[in-house]
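S.K.: Take this structure, written in structure tokens, and hold onto it; I'll ask about it next.
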Amino acid sequence: MERTLKISKIKDGTVIDHIPSGKAVKVLNILKISENTSVSIGIRVPSNMMGFKDVIKIENKFLEKIELDKISLIAPSATISIIKDYDITEKFKVDLPESVIGIVRCTNQNCITNAGEPVSPEFKVISANPLALKCIYCKREMSESDVINSL
Amino acid sequence: MLKNKSLISIADLEDDDINAIFEKADYISGHMDEVLRTSPMKSKILATLFYEPSTRTRLSFEASMERLGGSVISMADSKTSSFAKGETLADTIRIVESYSDIIVIRHPLEGASLLASKFSSKPIINAGDGSGEHPTQTLIDLYTIRNETGGIDDREITIVGDLKYGRTVHSLILALSRYNVKINLVSPPSLALPNYVYNGIKDKLNIETYNNLDDVISGTDVLYVTRIQKERFVDKNEYYKLIGSYKITLNEVNKMKNGSIIMHPLPRVDEIDPAVDYTKNAKYFRQAANGIPVRMSLISIILGD
């Protein structure tokens, strides 16, 4: 059987490809998926580039910037394809920004950003792989698992 | 370079800024009568917002501004202020910046001073944010090492006590990473330097960890003692056991080399025997007194006299 048949094509929507194997469910958890949206997930799909990868296809959904930024944190290798009428109209890699603003909460309960002040939590990306963020306010570092838990 | 800038972290300062602060502090110390007469900060107002108890730091900032001829406004008590009514720090700062030319803030949460600086067009000085930084204490510490031992480079500095919660220690170690020094950290394992501080400086500093002060005391130029806080211990017996093994007495002073000094950010409780106060090594009261010229210098430079 051909690999492409394992996950059916979608007419309109978004394909998130090249997700590190095992992270598809985490990626899905951070996306706002409405109840009537069809989602196909491929887990441990063989990949020339990555050995194995995960793939998510979401019908009739186009990702917002904040969702792309969240994906970049936990799956920095991911590629996004926008599908319209079965054709790829746009394809790009997610972009891990230098600063992460308003997406992740600081895990330090004694950080001023957790005290109801009118500011967005802000982090510098100090390492992409493994992911590590540093809060610009309290200077504490967050690991990938801290980040995933607070997304 | 520092004119109209906030001082949130010691990392905000260039080496030249630190030297300029020290040189001006030297000048102020030597020309106090002239400074008092000319009142260089006349018509300027310094606001102190202390959300945590402090005696020395607040009085020292207020005395420094008064000696420069400026005025001081203060939040009477954070328990009765608008903060207690639920006002955000951001709103308090927006108001206080319209009343003053420079704001000194101490707050129990980390990052509070940085947040304040984002809501103020006036310079903010961090006087301690949670277990974060206390950069003016660090300037005073560096100034004391420089003046009492004739320099900072090539010194062996032993820091003993609570390295986990002590914000003065975190700021000091960060600042010392600019200099060519050897640092010995002496603490019980439960009060060791946190990884997030250690990771930031381990590649820049010659730094070693010890459990026993005797391993390093004879080679030490600067013995920096910090308070082990009783309230951190659930089991008070554990505190008394610990404090005994890190207490500085004449016995320890006798093992120190000629010209070496003992510092402490104060308040001191049980860590240094009062008998040590009368030795020539004890410089902690001088260190506290240095708070005045150093803070006078900093305020003058930021407000640009």
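S.K.: Starting from residues that are within 7 Å of chain B (Cβ to nearest Cβ) and not in a loop (DSSP other than H, G, I, E, B), keep the ones in segment A:112-123 and report whichever is nearest to A:ASN149 (Cα to Cα).
M.R.: Only one residue tops the list, namely A:THR113.
S.K.: On to the next question. Which one of these does A:GLN109 not meet: (1) in contact (Cβ under 8 Å) with a residue 12 or more places away in the chain; (2) within 14 Å of another protein chain (Cβ to nearest Cβ)?
M.R.: Status for A:GLN109: all satisfied but (1).
S.K.: Turning to a different aspect of this structure: For B:SER64, work out the one condition from (1) touching a strand residue (DSSP E or B) at 6+ places or on another chain (Cβ under 9 Å); (2) not in a helix (DSSP H, G or I) it doesn't fulfil.
M.R.: Going through the list (1) touching a strand residue (DSSP E or B) at 6+ places or on another chain (Cβ under 9 Å); (2) not in a helix (DSSP H, G or I), B:SER64 breaks only (2).
S.K.: Restrict the check to segment A:82-89 and report whether at least one residue is loosely packed, with under 13 Cβ neighbours inside 10 Å, free of Cβ contacts under 8 Å to residues at least 12 places away in the same chain and in a loop (DSSP other than H, G, I, E, B).
M.R.: Within segment A:82-89, not a single residue is loosely packed, with under 13 Cβ neighbours inside 10 Å, free of Cβ contacts under 8 Å to residues at least 12 places away in the same chain and in a loop (DSSP other than H, G, I, E, B).
S.K.: Right, here's the next one. Would you confirm whether or not segment B:47-59 contains a residue that is assigned by TED's automatic domain parsing to the domain that holds B:SER98, in a loop (DSSP other than H, G, I, E, B) and among the charged types (D, E, K, R)?
M.R.: Yes, some residue in segment B:47-59 is assigned by TED's automatic domain parsing to the domain that holds B:SER98, in a loop (DSSP other than H, G, I, E, B) and among the charged types (D, E, K, R).
S.K.: Restricting to strands (runs of 3 or more DSSP E) lying wholly in segment B:151-263: which have 1 or more residues that are touching a residue at least 12 places away in the same chain (Cβ under 8 Å), farther than 26 Å from B:LEU139 by Cβ and not assigned by TED's automatic domain parsing to the domain that holds B:ASP129?
M.R.: Here the list reads B:206-210.
S.K.: Looking at (1) under 20 Å from B:SER131 (Cα atoms); (2) surrounded by fewer than 15 Cβ atoms within 10 Å (Cβ to Cβ), find the lone condition where A:GLU98 falls short.
M.R.: Just one mismatch for A:GLU98, condition (1).
S.K.: Restricted to segment B:193-217, and to residues that are touching a Ser or Thr at 6+ places or on another chain (Cβ under 7 Å) and either within 14 Å of chain A (Cβ to nearest Cβ) or modelled with pLDDT under 95 (or both), which residue is nearest to B:ASP235 (Cα to Cα)?
M.R.: For segment B:193-217, the residue satisfying everything is B:ILE201.
S.K.: Related question: Keeping to segment B:1-19, report how many residues are surrounded by 15 or more Cβ atoms within 10 Å (Cβ to Cβ), in a loop (DSSP other than H, G, I, E, B) and of a type outside the set (Gly, Ala, Ser).
M.R.: Here the count works out to 4.
Here is a yes/no grid of residues against (1) in a helix (DSSP H, G or I); (2) in the same structural domain as A:ALA75 (by TED's automatic domain parsing); (3) under 13 Å from the mean Cα position of the chain (by Cα); (4) closer than 18 Å to A:TYR86 by Cα:
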site: A:ASP17; (1), (2), (3), (4): no, yes, yes, yes
site: A:LEU28; (1), (2), (3), (4): yes, yes, yes, no
site: A:GLU35; (1), (2), (3), (4): no, yes, no, no
site: A:SER40; (1), (2), (3), (4): no, yes, no, yes
site: A:MET49; (1), (2), (3), (4): no, yes, no, no
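S.K.: Looking only at residues in segment B:84-110 that are within 11 Å of chain A (Cβ to nearest Cβ) and either part of a loop (DSSP other than H, G, I, E, B) or charged (D, E, K, R) (or both), which one is surrounded by the fewest Cβ atoms within 10 Å (Cβ to Cβ)?
M.R.: B:GLY86
S.K.: Let me ask another. Suppose we filter B:SER113, B:SER131, B:SER120 for residues that are at pLDDT below 95, within 14 Å of another protein chain (Cβ to nearest Cβ) and more than 11 Å from B:ALA47 (Cα to Cα); which single one remains?
M.R.: B:SER131
S.K.: In addition: When you go through (1) under 11 Å from the mean Cα position of the chain (by Cα); (2) away from chain A (no Cβ under 13 Å) one by one for B:ASN180, which number turns out not to apply?
M.R.: (1)
S.K.: Do you know which of the residues in segment A:124-151 that are under 18 Å from the mean Cα position of the chain (by Cα) and part of a loop (DSSP other than H, G, I, E, B) is farthest from the other protein chains (Cβ to nearest Cβ)?
M.R.: So, considering only residues that are under 18 Å from the mean Cα position of the chain (by Cα) and part of a loop (DSSP other than H, G, I, E, B), the one farthest from the other protein chains (Cβ to nearest Cβ) is A:LEU151.
The values are calculated or read from the model by the stated rules, or taken from the named source; none is laboratory data. Small disclaimer: the values here were computed from a predicted structure and weren't measured. Every residue, glycine among them, receives a Cβ derived from its backbone with ideal geometry; neighbour counts consider all protein chains shown.
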